[in-house]
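Scroll down for the structure; my scribbles are underneath it.
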Amino acid sequence: MSDNYQAVYDAIRSRFPSCDAEGAIQSVLRESFGMAHHLMSCVAQDHSIAIAEQARPVVVFKPALTQDGNQWCFLFGENLAEGVAGFGTTPALAAAHFDKQWITPGTKEQP
């Protein structure tokens with residue numbers, strides 16, 4: 001195996017005498033490690049976002065989702081007067097409003 005490697009290495013060096021193979025390999029490895037570090041940072045950030053999303057009140061307490069006309073409503077409890085509700089023109093907006101209402105009780109504001 002080493003004889004073949006040496007022959008290939010010698011052939012390449014004879015064709016490219018000014019090529020710094022070691023420097024090129026080191027450069028590629030540095031870039032690869034840099035990219036791997038960046039990808040791991042992205043994965044860690046995505047993981048943190050996923051954990052935060054799973055902790056949202058709308059996810060934890062699983063309120064009922066209904067639609068009334070053009071409004072969506074997440075309701076936790078028996079009725080609007082006693083429960084916590086979030087309204088919006090989309091389920092995502094209703095979920096965000098529900099989270100806000102859960103965190104700041106007593107404010108019966110519309111989104």
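Inclusion of G77 among residues that are without any contact (Cβ under 8 Å) to a residue 40 or more places away in the chain and either among the hydrophobic types (A, V, I, L, M, F, W, C) or assigned by TED's automatic domain parsing to the domain that holds A94 (or both) is warranted. Set side by side, the residues A21, A64, A55, A95 differ, and just one is touching a Lys or Arg at 6+ places or on another chain (Cβ under 9 Å) and at pLDDT 95 or above, which is A95. Here G83, G77 are screened, and the one residue that is at negative phi, exposed (fewer than 15 other Cβ atoms within 10 Å of the Cβ) and touching a Gly at 6+ places or on another chain (Cβ under 6 Å) is G83.
In the range 18-66, the qualifying residues are those that are closer than 27 Å to H97 by Cα and of a type in the set (S, T, Y), and the one that is surrounded by the most Cβ atoms within 10 Å (Cβ to Cβ) is T66.
The values are calculated or read from the model by the stated rules, or taken from the named source; none is laboratory data. All figures in this text were calculated on a predicted structure; none of them were measured in a lab. Neighbour counts are summed over all protein chains in view; Cβ atoms, including those assigned to glycine, are modelled from backbone coordinates with ideal geometry.
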